[in-house]
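J.: Pasting in a structure now, in structure tokens, and then I'll have a few things to ask.
The values are calculated or read from the model by the stated rules, or taken from the named source; none is laboratory data. All figures in this text were calculated on a predicted structure; none of them were measured in a lab. In this analysis, Cβ positions are derived from the backbone assuming ideal geometry, glycine residues included, and neighbour counts consider all displayed protein chains.
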Amino acid sequence: MSTLRQTVKLEKYKPEFLKALKEFELPTEKAQYTAFPAVILEKLTDDQYPIVILSNDEPVGFFLLQSTDRVKEFTDNPRALLLTALSIDNSKQGKGFAKEAMNLIKQFVNQEFSEYDEIILAVNHKNIPAQNLYKRVGFSDTGKRKIGKIGEQFIFNTFI
């Protein structure tokens with residue numbers, strides 16, 4: 001996987017990524033747990049930071065970091081970022097891009113958002129692959145639970 005690490009990087013969204021992000025496809029069973037990048041980008045507000053997962057400078061994935069009031073639903077830490085809407089384009093799934101992106105996230109946040117010291121996220125109780133991914137890359141189940149649009153969510157976090 002060392003070659004993958006060399007090709008995968010995280011970058012703040014730029015308009016030149018829009019065309020590729022609009023073409024993202026997600027299978028129905030995965031789409032229920034996330035949101036399409038193009039939809040997220042249409043509704044951006046202050047304190048939301050779209051991040052693109054690149055492989056060889058081509059968008060393969062996307063997620064949103066945010067420091068909105070929504071963070072307070074998950075933690076009392078004023079220095080926490082909420083990670084939402086992680087997705088990998090369907091044609092690129094199963095190649096380790098999500099895992100590599102999450103392996104890079106602490107370093108990325110440290111460089112780009114150094115005022116933050118925690119990343120928090122909610123993962124659906126039925127989304128076992130995502131739970132396993134987050135655990136493998138250093139996130140922990142906080143024990144907190146929240147009811148989301150499609151059921152119970154487990155609250156995970158990691159400290160930077």
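J.: Going by what's in this entry, would Tyr116 be described as part of a loop (DSSP other than H, G, I, E, B) and either of a type in the set (D, E, K, R) or closer than 23 Å to Asp47 by Cβ (or both)?
T.: Working: part of a loop (DSSP other than H, G, I, E, B): yes; either of a type in the set (D, E, K, R) or closer than 23 Å to Asp47 by Cβ (or both): yes.
In short, yes.
J.: On to the next question. Could you check how many residues of the range 126-155 are touching a Lys or Arg at 6+ places or on another chain (Cβ under 8 Å) and within 24 Å of Phe97 (Cα to Cα)?
T.: 8
J.: Please go through (1) hydrophobic (A, V, I, L, M, F, W, C); (2) more than 19 Å from Gln153 (Cβ to Cβ); (3) surrounded by fewer than 15 Cβ atoms within 10 Å (Cβ to Cβ) for Ala31 and return the number of the only condition it doesn't satisfy.
T.: (2)
J.: Just to be sure I understand the filter: pairs with C-beta atoms under 7 Å, separated by 6 or more residues or on different chains, first member in the range 109-120 and closer than 17 Å to Leu10 by Cβ, second member at pLDDT 95 or above and exposed (fewer than 15 other Cβ atoms within 10 Å of the Cβ). Which pairs pass?
T.: From the range 109-120, the pairs are Glu112/Lys12; Tyr116/Arg79.
J.: Looking at (1) part of a loop (DSSP other than H, G, I, E, B); (2) hydroxyl-bearing (Ser, Thr, Tyr); (3) in contact (Cβ under 8 Å) with a residue 24 or more places away in the chain, which is the one condition that is false for Thr45?
T.: (3)
J.: So, in the range 74-98, exactly how many residues are touching a Lys or Arg at 6+ places or on another chain (Cβ under 9 Å), crowded, with 17+ Cβ neighbours inside 10 Å and in a helix (DSSP H, G or I)?
T.: Number of matching residues: 0.
J.: Of all residues in the range 59-73, which are of a type outside the set (A, V, I, L, M), without any contact (Cβ under 8 Å) to a residue 40 or more places away in the chain and assigned to a strand (DSSP E or B)?
T.: First, pick out the residues of the range 59-73 that are of a type outside the set (A, V, I, L, M): 59, 61-63, 66-70, 72-73.
Those still in the list that are without any contact (Cβ under 8 Å) to a residue 40 or more places away in the chain too: 63, 66, 68-70, 72.
Correct list: Phe63, Gln66.
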